[in-house]
Amino acid sequence: MKKSAHLTPGEFELMEILWPIGEATVKDVWQKVDPARKLAYTTVMTVLEKMYRKGILNQRKKGKAYIYSAALSRDEVFKGVLEHICSTYFGGSGEALVAAVEKRFVADGAVQKDPSIPAAPEATEARSGSDNRDPGSNRT
């Protein structure tokens, strides 16, 4: 069963280990975690189990060990992240999100804009009018 693709940074770190290898035991994943993180084996085991219960991972038993694999693709996770950012920070406006990304990365010269993509409206114009109310208005 697939659920929300919104992952914590720690969950995402473990997914980055699982996606390329397909499936792994807790020990396999733990051995690939950056040693500088100093994560205990039991911490990795607990996080993987929680991810399984949340529907982010699949789990099967092989002998005494559990084998974990991703229940969500990288694209599904990124879609969930973008949907979360859009709904939480941009009032559900995809146009406002795109405008903010353009302002941050294209205007700053961090990336070049793809000329085949039409320009997004300004973030304040894209937000269903909630930012354009009269400040003296008592409407909520």
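A short reminder: the numbers here are calculations on the coordinates, not readings from a lab. Treat the numbers as computed from the prediction; the structure is a model and nothing was measured. As a convention, Cβ positions derive from the backbone with ideal geometry for all residues, glycine included, and neighbour counts pool all protein chains shown.
As an exercise, use a Förster radius of 35 Å and the Cβ-Cβ distance of Arg37 and Lys103 to find the FRET efficiency, rounded to the nearest 0.05. After rounding, the FRET efficiency stands at 0.55.
Calculated FRET efficiency, Glu95 to Ser69, Cβ-Cβ distance, R0 = 35 Å: about 0.45 to the nearest 0.05.
Across all directions, the shadow cast by the convex hull of the range 9-70 built on its C-alpha atoms averages 3.8 square nanometres. Pairs with C-alpha atoms separated by more than 28 Å, drawn from the list Lys32/Lys64; Lys50/Lys103; Lys38/Lys103, are Lys50/Lys103; Lys38/Lys103.
Counting other Cβ atoms within 10 Å as a rough exposure proxy, the listed residues Thr25, Thr42 run Thr42, Thr25 from fewest neighbours to most.
Could you calculate the FRET efficiency of Arg60 with Leu82 from 1/(1 + (r/R0)^6), where r is the beta carbon distance between them and R0 is 35 Å, rounded to 0.05? So, using R0 = 35 Å, E works out to roughly 0.70.
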